[in-house]
1. Looking at segment 146-155, is at least one residue touching a helix residue (DSSP H, G or I) at 6+ places or on another chain (Cβ under 8 Å), at pLDDT below 95 and among the β-branched types (Val, Ile, Thr)?
2. Any residue in segment 57-76 that is under 18 Å from CYS8 (Cα atoms) sitting within a Cβ distance under 8 Å of a residue that is loosely packed, with under 11 Cβ neighbours inside 10 Å and at pLDDT 95 or above? List the pairs, counting only those 6 or more apart or interchain.
3. Quick check on ALA132: is it under 20 Å from ARG148 (Cβ atoms) and either within 16 Å of the chain's Cα centre (by Cα) or touching a residue at least 24 places away in the same chain (Cβ under 8 Å) (or both)?
4. On the basis of being buried (at least 16 other Cβ atoms within 10 Å of the Cβ) and at pLDDT 95 or above, does LEU139 make the cut?
5. Looking for something in contact with a Cys (Cβ under 9 Å, 6 or more places away or on another chain) and basic (Lys, Arg) - is there at least one such residue anywhere in segment 8-15?
6. Go through (1) modelled with pLDDT of 95 or more; (2) of a type outside the set (Lys, Arg); (3) closer than 19 Å to ASP144 by Cα one by one and return the number of the condition ALA48 breaks.
7. If you check ALA38, ALA20, ALA10, which single one turns out to be assigned to a loop (DSSP other than H, G, I, E, B), within 19 Å of PHE105 (Cα to Cα) and among the aliphatic types (A, V, I, L, M)?
8. Determine whether segment 25-41 contains at least one residue that is within 23 Å of ALA126 (Cα to Cα), crowded, with 16+ Cβ neighbours inside 10 Å, among the charged types (D, E, K, R) and within 12 Å of the chain's Cα centre (by Cα).
Amino acid sequence: MHSVLFICTANICRSPMVAALLRDRVAGQNGDWRVASAGTWTMDDVPAADNTIWVLRQRSIDVSKHRSRQVTREMVDGFQLILTMERGQKEAMQVEFPEAADRIFLLSEMVDQVYDIPDPIGSPPAEFELTARDFEAILGRGFDKIKRLSDESVQARGS
């Protein structure tokens, strides 16, 4: 099984968006996938931002039932690959969960780059669309790396 946890700040824009895009990408593929999202600094049970819902609806993906949640140790322990949107989030996660530091990466590292994905909150829909396109490009070019790093059977074999 592959398991990926996406992390952003409030868990209402970026992480639920990219999680939904990955779920959509792997739907119907061989192999089981578990994909979730959480925030580093959020209140639980807040719906996705309206523009996040809108941009995903344009792709026939429904996240209207998404509710934000704070990242917990149990979540971190339950996922093989943890992907953050910003360098500060990656650093904070590695400090808070040092036992998982080797499983925490920037999303941009999946395409062998190091850059932050800006939070579009408060921006017009066009900015959310640009964020979604960035995510789609990363998921496309970085899918093999995501697949390899998220494979729980590799960890179980000690490889």
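The values are calculated or read from the model by the stated rules, or taken from the named source; none is laboratory data. The model shown is predicted, which means the values in this text are computed figures rather than measured ones. Cβ: placed from backbone, ideal geometry, glycine included. Neighbour counts: every protein chain shown.
1. Yes, because at least one residue in segment 146-155 is touching a helix residue (DSSP H, G or I) at 6+ places or on another chain (Cβ under 8 Å), at pLDDT below 95 and among the β-branched types (Val, Ile, Thr).
2. Listed pairs, sorted by first residue: ARG67/ASP45; SER68/ASP45; ARG69/ASP45.
3. No, not satisfied.
4. yes
5. Yes: segment 8-15 contains one or more residues that are in contact with a Cys (Cβ under 9 Å, 6 or more places away or on another chain) and basic (Lys, Arg).
6. Checking ALA48 against (1) modelled with pLDDT of 95 or more; (2) of a type outside the set (Lys, Arg); (3) closer than 19 Å to ASP144 by Cα, the one that fails is (3).
7. ALA10
8. No, the conditions are met nowhere in segment 25-41.
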